[in-house]
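The values are calculated or read from the model by the stated rules, or taken from the named source; none is laboratory data. Just so it is clear, the model here is predicted, and its values are computed rather than measured. For neighbour counting, all protein chains shown are included, and Cβ atoms are generated from backbone atoms with ideal geometry for every residue, glycine included.
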Amino acid sequence: MVSFEKRAAYGKGGLYKRAVYEKDEQGNVLLDRRGNKVVKYDYWQATFEIPAEDLPDGASRRRLTGNAASKSAALAALRENIDAFYERKRNGELAYRTPRKRGAKRRTVDDLFTDWLAHKTDEDISATVLRKYRRLYEQHIQPTIGSMFLDKISSRDLNQLLNSTLATKKKTDAKGKPIPGTVLLGSAARLNAWKVVRMCFRWGELSDYFTGRANPMMLVKAPKVVKRTIDIDARLADADRVMSHLEATQSDLLCLMGLQLLGLRQMERLGLRLEDVWGLDTEHPKLMVRGQLARFETGEVEKNGDGRRWYWKDRTKTGVEREIPLTEPFLGYLRDHLKRREENTKRADYKKWGDDPIGELLFLTDRGAVISKTTDNEIWRKVCEAAGVKPFPQHINRFITAARLAALKPAVPGNVVRAILGHESEAIGYYYQKITAENSQEALERYGKSYKPKKVKQRS
């Protein structure tokens, strides 16, 4: 490693452009055909010397660093480390990293992830997100770098995992053999893996897990995400065909499937309770979206001892409650569904839930069982196929809702759309995209009518 560009940073320290060179198996630096060293990667390193009066007892020197791909990011990382140093000092905690003692246990990536996840459990974070972190790590990260020691793992190892190994993983058949031409993880999934590793390693850096080394994850660039393109206009007709089919042949599913077109997320819809239906017999009936259906982890099911796998979570995906006014035809769908639900509760084989809030869900099977995400997806697939429509993800129906709201004249105010779809969602972005396109079309049509090009006189 070498520094080949330098300028002063704030305080007593410096800002260096550093490079790491490629080496052969014997450890010799590789040269190109012109005799220049082959650069593996370069980065910026900002440094800061802790003043003598702030040094802990017994320490003669302490230098903080911040590494990143750009100058501004390196300085930002350094400032975070400086703030963390003085925060630990104010709290009376260990304010400097000490070299690993001879014979001390060497920590691995597995150790770091386990401790980080335990730390995240103490935060205000959902069990669902924790479960996703754990599964992502166990399935895609741990097999490659889980056993590596933190004092040896490099940014090259991490870059190889996130931008090469995961990008080439393929789907497998029933025998576990890779299926040629398939991709297991798309760019969005690999970006999620990058974010998880980055959060984990950043916490490890602030918690002194790297024993004086720089955080190697700071030099790994995020995978580029290829945004999917969705032909919503084509799906509008498909959604109409599905609803027409349900009205003609399967009216018992109109409410379960139809409420998707009110912009509800899947688990919000499946998590609706009877008490979330307000003012059904008034002039202004509405749905209150205040939570969602959630699943216990396997360990939690065993701990509960009652076999319960599902519970009602009193928080939406974004943490924002919504009120959705009920109008026809959705109001009619809901009234018919409530009548059938009441009749189902009188069946001899209807499940008795007792005091469990799950028994108050709006959508249960005819026998009173929970309609899980998997079951709901299977119902949707069969309904689409029966209607002669190629099945598409239910999430697309939120975009369909946005498209229909954008097509209304006069335009629906943005705050109303946000109240229906939620404040933070791709569907909201799609709505504004459609509104902009509609306004642009209308504006250009008026412009075209008013534009009268002047005739140019030809020279004789």
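Scanning the range 31-69 for residues that are of a type in the set (Gly, Ala, Ser) and at pLDDT below 85 yields 52, 58, 59, 60, 66, 68, 69.
Residue-by-condition table, conditions (1) surrounded by fewer than 11 Cβ atoms within 10 Å (Cβ to Cβ); (2) more than 17 Å from residue 202 (Cα to Cα); (3) modelled with pLDDT under 85:
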position	(1), (2), (3)
71	no, yes, no
75	no, no, no
96	no, no, yes
103	yes, yes, yes
108	no, no, no
138	no, yes, no
176	yes, yes, yes
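Here the condition is being surrounded by fewer than 16 Cβ atoms within 10 Å (Cβ to Cβ), of a type outside the set (Ser, Thr, Tyr), modelled with pLDDT under 60 and on the phi < 0 side of the Ramachandran plot; of 377, 415, 439, it holds for 439 alone. Name the single residue, out of those in the range 236-285 being within 14 Å of residue 322 (Cα to Cα) and among the aliphatic types (A, V, I, L, M), that is surrounded by the fewest Cβ atoms within 10 Å (Cβ to Cβ). Among residues in the range 236-285 that are within 14 Å of residue 322 (Cα to Cα) and among the aliphatic types (A, V, I, L, M), the one surrounded by the fewest Cβ atoms within 10 Å (Cβ to Cβ) is 277. Per this entry, residue 361 is counted among residues that are under 24 Å from residue 275 (Cα atoms) and more than 22 Å from the chain's Cα centre (by Cα). Of all residues in the range 230-267, those satisfying the criterion of being among the β-branched types (Val, Ile, Thr) and within 30 Å of residue 315 (Cα to Cα) are 230, 232. Condition check: under 30 Å from residue 211 (Cβ atoms), more than 24 Å from the chain's Cα centre (by Cα) and not in a loop (DSSP other than H, G, I, E, B). Does residue 156 satisfy that? The answer is yes for residue 156.
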